[in-house]
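These notes concern the structure reproduced below.
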Amino acid sequence: MVYVNGRFVPPESALIPVTDRAFLFGDGVYEVIFGRAGRFAFWDLHMSRLARSSAEVEIPILQDSATWLSVARQLWNDAACTTGSLYLEVSRGVAPREHHFPEVVQPSTVAFVKPAAEPEPRIAQGVRAILLADQRWLRCDIKSVNLLPNVLAREQARRQGAREAILVRDDMLTEGAATNLFVVRRGELWTHPANHLVLPGITRHVVLEEARRLGLAIRLEPYARADLSQADEIFVTGTTSHLLPIAEIQGEWQAPGPGVVTSRLHDAYMTRLARELDVAPSVASSAG
Ligand code: PDD
């Protein structure tokens, strides 16, 4: 089932009018939340980010966290999967095509569950990445459905046999097309500061908390592309990819295997995720 504007309908009947502003302008915001057996990881953090994204672009969101949770529960009960991601989107709704906001905004709301593989408890072998110019706008902190540069970057990566495209703006590495980026150099953990140039990833946030708990030295600074050859370990983070080591970046950088710091953070994150999925709001515990 898919949730569309208050109704649960089969996917083939889950329709949005062509005059919806998400379709015409990419005028909407979204979230992707990892779940298992009807429990959702880092729910409150995702809800806060959704509220922030919508406030920044002035799309009113009528549902509160409890309403979303009840929608999520119903979708999960219906879905034939144990592990998956919950997708939520709110657009500025249906209106005649004018760029400026409609006089009366009635947001469109969509939610569905997509099956995902159970996260591997052991760290994966690294994946390949490519480098591409960051062609996005200057409000990458907003989780907007306007993802054309991200889509083009991921397609370039796929065509070159790589899993992720690492984006470069002004000679600095910002983030992946759909992940945040971390670099380890001489024991220090670098990641871009959470400003307008990157998405404040929930996985990034949790990994940084774990890094602090482990006493790692953290540098919230952009990492220069010119210093790539000096990086000891590189990994990316995201709700569906969790913590993924990078093995090779288009011949410019290579790692023999997942590094020590990456492995420690991977294990810490996985423990945290498992705990989170044990205590997070669940189908069973919040039924009724
Ligand atoms: N993408 N940066 C970008 C540009 C992203 O699109 C994402 C997530 C992340 C990681 O954020 P988080 O840890 O909160 O998932 C960073 C989602 C999963 C997507 O669009 O499918």
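The values are calculated or read from the model by the stated rules, or taken from the named source; none is laboratory data. The structure displayed is predicted, hence computed values, not measured ones. Cβ coordinates were reconstructed from backbone atoms using ideal geometry, including for glycine residues, and neighbour counts include every protein chain displayed.
Points to keep in mind about this one:
- Looking only at the stretch 157-169, and only at residues there that are touching a Leu at 6+ places or on another chain (Cβ under 9 Å) and not in a strand (DSSP E or B), the one that is farthest from Trp190 (Cα to Cα): Ala157
- Qualifying residue in the stretch 80-99 (condition: away from the ligand (no atom under 13 Å from the Cβ), in contact with a Ser or Thr (Cβ under 8 Å, 6 or more places away or on another chain), within 22 Å of Thr179 (Cα to Cα) and in contact (Cβ under 8 Å) with a residue 40 or more places away in the chain): yes
- Residue in the stretch 136-145 that is more than 17 Å from Glu233 (Cα to Cα), within 15 Å of the ligand (Cβ to nearest atom), part of a strand (DSSP E or B) and assigned by TED's automatic domain parsing to the domain that holds Val198 present: yes
- The condition of being more than 20 Å from Ser53 (Cβ to Cβ), aliphatic (A, V, I, L, M) and buried (at least 17 other Cβ atoms within 10 Å of the Cβ) holds for only one of Ala153, Ala178, that being Ala153.
- All of (1) surrounded by 20 or more Cβ atoms within 10 Å (Cβ to Cβ); (2) farther than 23 Å from Asn146 by Cα; (3) within 16 Å of the ligand (Cβ to nearest atom) hold for Leu220 with one exception: (1).
- Criterion applied to Thr174, Thr237 was being within 24 Å of Thr271 (Cβ to Cβ) and within 16 Å of the ligand (Cβ to nearest atom), and the one residue passing it is Thr237.
- Within the stretch 207-217, considering residues that are surrounded by fewer than 22 Cβ atoms within 10 Å (Cβ to Cβ) and either within 15 Å of the ligand (Cβ to nearest atom) or touching a residue at least 24 places away in the same chain (Cβ under 8 Å) (or both), the one nearest to Ala268 (Cα to Cα): Glu210
- Complete set of residues in the stretch 114-135 that are touching a strand residue (DSSP E or B) at 6+ places or on another chain (Cβ under 9 Å) and not in a strand (DSSP E or B): Ala116, Ala117, Glu118, Pro119, Glu120, Ile123, Ala124, Gln125, Gly126, Asp134, Gln135
- Taking the criterion of being of a type in the set (A, V, I, L, M), in a strand (DSSP E or B) and free of Cβ contacts under 8 Å to residues at least 60 places away in the same chain, the residues of the stretch 170-186 that qualify are Met172, Leu173, Leu181, Val183.
- Residue list for the stretch 241-275, filter: at pLDDT below 95 and surrounded by fewer than 18 Cβ atoms within 10 Å (Cβ to Cβ): Gln250, Gly251, Glu252, Pro256, Gly257, Ala274, Arg275
- The sole residue among Pro258, Pro200, Pro245 that is in a loop (DSSP other than H, G, I, E, B), in contact with a helix residue (DSSP H, G or I) (Cβ under 9 Å, 6 or more places away or on another chain) and more than 22 Å from Asp141 (Cβ to Cβ) is Pro258.
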